[in-house]
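Worksheet: one structure, shown below.
The values are calculated or read from the model by the stated rules, or taken from the named source; none is laboratory data. Since the structure is predicted, the reported quantities are computational estimates derived from the model, not experimental observations. Only protein heavy atoms, including side chains, enter the accessible area calculation; ligands, DNA and RNA are left aside. Shrake-Rupley method; radii C 1.70, N 1.55, O 1.52, S 1.80 Å.
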Amino acid sequence: MDCTPHTHTPREASHCKQRWHKMNDLVCKLCGAYEAANRMRSSGQNENDVLKVAHEIFFNNHKKKFTLEHAWKELRNDQKWCDLSSSKNDGSSKKRKCEDGSQSASCQADTVVDDEGTKQPPGVKASKASGKKAMHDGKDLSDFQTMWTMKKEDLVIKERLSKIKLLDSLIAKQEPLADYEEALKKKLINELM
């Protein structure tokens, strides 16, 4: 057993980023090979058979064995790779567009809609840009104030309905009311009438 203390230097961000780019590239290449193998799938083949064919295609194309199968299994059902494979099947590219052409330009930055109509969340840059977006002509502030006013009115209505329900339950009681219940009943009648 080794008794010397191990000193690990912390990983720098650039190391993680380089590792991710390497993994991302290889996983994307295997996804392409898997899609090709899936298109060549014959009846009676299961997922393992398709994966073996995908490994063969990957090896033939890149002259090296794919060693990141654990990463591929984690990422294969991720939205990026699912949408990538579905867009390759159609032979069409992804396009940024909104469902309704009358929407503003900010809509186009908020979501990505591909040709099949599936929505993707905004990317990192788009999320940061929308978070730092300055309020234009006070419209956002006025929308918030309108929403807050409606919420306050709603809370007042809910409180009134709650009091009415409590008063109804006090009036509907068959047995005589206790002193505090009678006082509450009179108070609610004065408030609501």
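A compact table of results
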item	result
Segment 152-167, residues that are open to solvent by 70 Å² or more (accessible area, probe 1.4 Å) and at pLDDT below 90	166
Segment 144-185, residues that are assigned to a helix (DSSP H, G or I), polar (S, T, N, Q) and more than 44 Å from the chain's Cα centre (by Cα)	169
